[in-house]
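> Sharing a structure, written as structure tokens. Questions coming.
Read-outs: derived from the displayed coordinates by stated rules, not from any lab. Keep in mind it's a predicted model, so treat the numbers as computed, not measured. Methodologically, a virtual Cβ is constructed for each residue, glycine included, from the backbone with ideal geometry; neighbour enumeration extends over all protein chains shown.
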Amino acid sequence: MKSEQRHKMILLMINMFIAIASFGIIIPILPAYLESIGEGGTAAGLMIAIFAGAQLVMSPVAGKWTDQYGRRYMIILGLGGVTLSMFVFYFFDSIWWLYASRVVGGVGAALLIPAIFAYVADITTIDERAKGNSLVSAAMSLGFVVGPGVGGFLADFGLKMPILLSAILSLVAVLFSIMLLKESQTEEAKELTAEQVSESPLVKQLI
């Protein structure tokens, strides 16, 4: 890969890592935190299910929007959703606000993940694409591994410390993406894709 490609790949990998780690970072503290606000295992299960459900429902729409509006815009919007969800989780103790934060986080992840993989496809050749996708997938796997570990470690300094750190890192990732990440999809490709998507029977059924 060229130097510019490597810089973009590093930024994409960081974004993916933060998005996935921000989900995993709350898992170790969730039982104790929910107990501290008078909730139990049912709430914990619902929070995880709500995140996954929001991501599932939003993913088909997110894929369409990624092609229609551009990869950069959806990456920033998705990271913004993840960031907002973590700040809501940090500042509010009401269970309904916590459920809402998981909805926002799931939607943010749904917007972010397909946009990152589409961005990789745009900046790599066919020969490089498998390597690019594997690097992003490795960052995703690392987020799954590191997130809970960091959450458990930081919990010693306060139950909400992992959430605050995750929110701050996500915010930094948003700012860096705004400043450094350029759109990878050409206007011609965007217009062509929009026309193809609008004619798709499957999309008409989903949207």
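> Total Lys pairs in the chain closer than 26 Å by alpha-carbon, pairs eight or more apart in sequence or interchain only?
Taking the Cα cut-off of 26 Å, the pair count is 15.
> Starting from the Cα of Ser3, step 7 Å along the direction of its Cβ; do the same at Glu183; then give the gap between the two resulting points in nm.
Those two pseudo-labels are separated by 2.7 nm.
> As an exercise, use a Förster radius of 22 Å and the Cβ-Cβ distance of Phe144 and Ala121 to find the FRET efficiency, rounded to the nearest 0.05.
0.45
> What shape does segment 1-71 take by its C-alpha gyration tensor, where a ≥ b ≥ c are the square roots of the eigenvalues and a/c under 1.5 counts as rounded, a/b above b/c as prolate, and the rest as oblate?
On the way: a/c = 5.13, a/b = 1.80, b/c = 2.86.
It is oblate, given that a/c is not under 1.5 and a/b is not larger than b/c.
> Assuming 0.36 nm per residue, please report the length gained on full extension of the stretch Ser134 to Gln68 beyond their Cα-Cα distance. Walk me through the numbers before you get to the answer.
On the way: separation 66, 0.36 × 66 = 23.76 nm, distance 2.50 nm.
Working it through step by step, the gained length comes to 21.3 nm.
> Taking log10 I(q)/I(0) by the Debye sum over Cα atoms at q = 0.10, 0.19 Å⁻¹ as the quantity of interest, determine which of [x] -0.51, -1.25; [y] -0.44, -1.31; [z] -0.58, -1.30 was computed from the displayed structure.
[y]
> If we count other beta carbons within 10 Å of each Cβ, what is the order of Met140, Met9, fewest first?
Going from least to most buried by this count: Met140, Met9.
> About the Cα centre of the chain, what is the dipole size in debye to 20, counting +1 per Lys and Arg Cβ and -1 per Asp and Glu Cβ, all else neutral?
Values: 13 positive and 15 negative charges, 45 e Å.
Using Cβ point charges on Lys, Arg, Asp and Glu, the chain gives about 220 debye.
> Still on this structure, I have one more. Given the rule -39500 (n - 2.57) for each run of at least 4 DSSP H residues, summed and divided by the residues of the chain, what is its mean residue ellipticity at 222 nm, to the nearest 500 deg cm²/dmol?
Calculated at 222 nm, the ellipticity per residue is -29000 deg cm²/dmol.
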